[in-house]
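This report concerns only the one structure given below.
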Amino acid sequence: MRIETGVMPEIIDCVATGRNPTVDELSDVAKQIWSETAPDRSALSWSHTPPTSGERAVAMRLALAAMCGSESVT
């Protein structure tokens, strides 16, 4: 039986196993965080956000903290 937690499986797996996320996992979690923190944004617009965007950087740092712990983000 699968229990719906509302937490992305990538986060659960990294936390449970103590492993670092792959680049794709990190990007997927960041995209989800980015779209959930501003409901007026589409998840599709993530691909149009420049890699140097401050908003994108914040979402990536939040994803890294969620998956690896706050000590990983400096």
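The values are calculated or read from the model by the stated rules, or taken from the named source; none is laboratory data. Please read these numbers as outputs of a predicted model, since none were measured by experiment. Neighbour counts run over all protein chains shown; Cβ positions are idealised from the backbone, glycine included. To get the accessible areas, we keep the full protein, side chains included, count just its heavy atoms, and leave off ligands, DNA and RNA. Shrake-Rupley method; radii C 1.70, N 1.55, O 1.52, S 1.80 Å.
Given R0 = 25 Å, the distance between the Cβ atoms of A38 and T17 translates into a calculated FRET efficiency of 0.20. Per residue, the stretch 6-68 exposes an accessible area of 62 Å² to a 1.4 Å probe, with every protein chain left in place.
How would you classify the chain from its alpha-carbon gyration tensor, with a ≥ b ≥ c the square roots of the eigenvalues: rounded for a/c under 1.5, else prolate if a/b is greater than b/c, otherwise oblate?
Values: a/c = 2.18, a/b = 1.33, b/c = 1.64.
It is oblate, given that a/c is not under 1.5 and a/b is not larger than b/c.
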